[in-house]
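Taken together, the values in this text are just the output of simple stated rules run on the coordinates, not laboratory data. Predicted model only: the values in this text are computed from it and were never measured. Note that each Cβ is placed from the backbone with ideal geometry, even for glycine, and that neighbours are counted across all protein chains shown.
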Amino acid sequence: MTDTLRFALGTIPFGTTVGRRETFDLLDRFVDAGGTMIDTANNYPFWMPGCTGEESERVIGDWLVARRSRDRVVLGTKVGARPRTPGDTTLDDVEGLSPTVIRAAIRASLTRLLTDRVDIYWAHIDDRTVPLAETLGAFDELVRSGLAGTVGASNLVTWRMADARATALAAGQSPYTAMQLRHTYIRPRPGARGSSRVQEYVTDDTLDYLTERPDVTLWAYSTLLSGAYTRDDRPIEQHYRHPGTDARLAVLAQVAAELGVSPNQVVLAWLMADEIIPIVGVSTPAQLDDAIAASRLQLGADVRQRLDAPR
Ligand SMILES: NC(=O)c1ccc[n+]([C@@H]2O[C@H](COP(=O)([O-])OP(=O)(O)OC[C@H]3O[C@@H](n4cnc5c(N)ncnc54)[C@H](OP(=O)(O)O)[C@@H]3O)[C@@H](O)[C@H]2O)c1
């Protein structure tokens, strides 16, 4: 029997830079290897010229129907970060998280995904213009009506996540059960940010919060830094540049060499050892196989301690 893979499949390029046939092949390969979790959004990849942002959901829906795979996968999509104006390739004026938007967006996503429910429905971004109680009330309706199995929040800082869960629980509503944040083995400089205005990083605060809230799952994106751990054509971004990064990269290289695996595998296995679900973006079978191997790699306690040591 194949063990269930411990990572989710990212799908940003599916149906666009990764064509339909290649997308089907990657999804088949993922599921055949024991993969279940698939992560998409109602705006992937709206920023690419000529794209609507509906391509990823549509090709996944086609695959689900073609392969009759809906019941084999844990399907997640997101609402909130779709530009209000078609053709806008920025995040300057997005739909946000009002109840009206949420109710319409889930229906539109389900239509594209050719299914009657998603297993996890994510708030893609924070929207502080809408009272939390209103957003959470709308998400709760979706869970009660069976359109969403559970709800999660992406790009919320920890205090907003804590507020949101407290608000929902006090009202007897479904709380967010998962957080989706940017996270990898190396850490950004405190206070430094990447080019995205909306992406939020895992911080020590997040990890402390999750220790106290074991019923909240962390899903991590951009874990492989677009391939920067192994590829010269993908430099590590400036905001990760500091002495702690040099020390971490040195240990990572040593551990990968000792174990005879790729640094990417060590990064993913290190995350999964802490019950974090990495969302791995792949565009080729070889990249997918690297992630599958990582899912089967168990790091010993001594190795994890060495990896954790450089701060
Ligand atoms: N909630 C959010 O705000 C948010 C934000 C970003 C992403 N996400 C989710 O997370 C997923 C992954 O995000 P991401 O694309 O930023 O992740 P990433 O892991 O940083 O980058 C994925 C890219 O890394 C390269 N790569 C993957 N495996 C490799 C390997 N074994 N060796 C060398 N290069 C490799 C590939 O680049 P090439 O294809 O160029 O070869 C791949 O497309 C997305 O698809 C999406 O589902 C969520």
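How would you classify the range 49-101 from its alpha-carbon gyration tensor, with a ≥ b ≥ c the square roots of the eigenvalues: rounded for a/c under 1.5, else prolate if a/b is greater than b/c, otherwise oblate? Oblate, since a/c reaches 1.5 and b/c is not below a/b.
Basic side chains Lys and Arg get +1 at the Cβ, acidic Asp and Glu get -1 at the Cβ, and with that the dipole of the range 233-311 about its Cα centre reaches some 140 debye. Share of Cα-Cα pairs in the range 257-309 beyond 12 Å, in percent? Cα-Cα pairs of the range 257-309 separated by over 12 Å account for 64 percent.
For the chain, a crude dipole built from +1 on the beta carbon of Lys and Arg and -1 on the beta carbon of Asp and Glu, taken about the Cα centre, is about 200 debye to the nearest 20. When the Cα atoms of the range 201-311 are aligned to their principal axes, the ranges along those axes come out at 38, 32, 28 Å in descending order. The angle between the Cα long axis of helix 285-295 and the longest principal axis of the Cα atoms of the chain comes to about 80 degrees, rounded to the nearest 10. I'd like to know which of Phe139, Ala66, Leu91 lies farthest towards the positive end of the charge dipole of the range 1-154, counting +1 on Cβ of Lys and Arg and -1 on Cβ of Asp and Glu. Final value for the positive-end residue is Ala66.
Look at the dipole of the range 199-250 built from charges on Cβ: of Tyr201, His239, Leu218, the Cα furthest out on the positive end belongs to His239. Can you give the angle from 0 to 90° between the axis of helix 132-144 and the longest principal axis of the chain, with both taken from C-alpha atoms, to the nearest 10? The answer is roughly 80 degrees. Expressed per residue, the C-alpha convex hull volume of the range 4-157 stands at 107 Å³.
Quick one: putting +1 on the C-beta of Lys and Arg, -1 on the C-beta of Asp and Glu, what dipole do you get for the range 115-267 around its Cα centre, in Debye to the nearest 20? Could you put the intermediate results ahead of the total?
Details: 15 positive and 19 negative charges, 76 e Å.
Magnitude of the dipole: close to 360 debye.
Taking other residues whose beta carbon is less than 13 angstrom from the beta carbon of Arg29, and scoring Lys, Arg as +1 and Asp, Glu as -1, yields -4. Two decimals is fine: what is log10 I(q)/I(0) at q = 0.10, 0.12 Å⁻¹ for the chain, from a Debye sum with one equal scatterer on every Cα and no solvent? Once normalised to I(0) and log-transformed, intensities are -0.55, -0.81. Net charge of the neighbourhood of Ser56, taken over other residues with C-beta under 10 Å away and scored Lys/Arg +1, Asp/Glu -1, is -2. Result for the chain in a Gaussian network model with C-alpha springs under 10 Å: among Arg248, Arg193, Arg128, the largest mean-square fluctuation is at Arg128. Counted by Cβ distance under 15 Å from Leu136, the other residues give a net charge of -1, where Lys and Arg count +1 and Asp and Glu count -1. Note on the range 71-210: the C-alpha convex hull projects to 9.6 nm² when averaged across all orientations.
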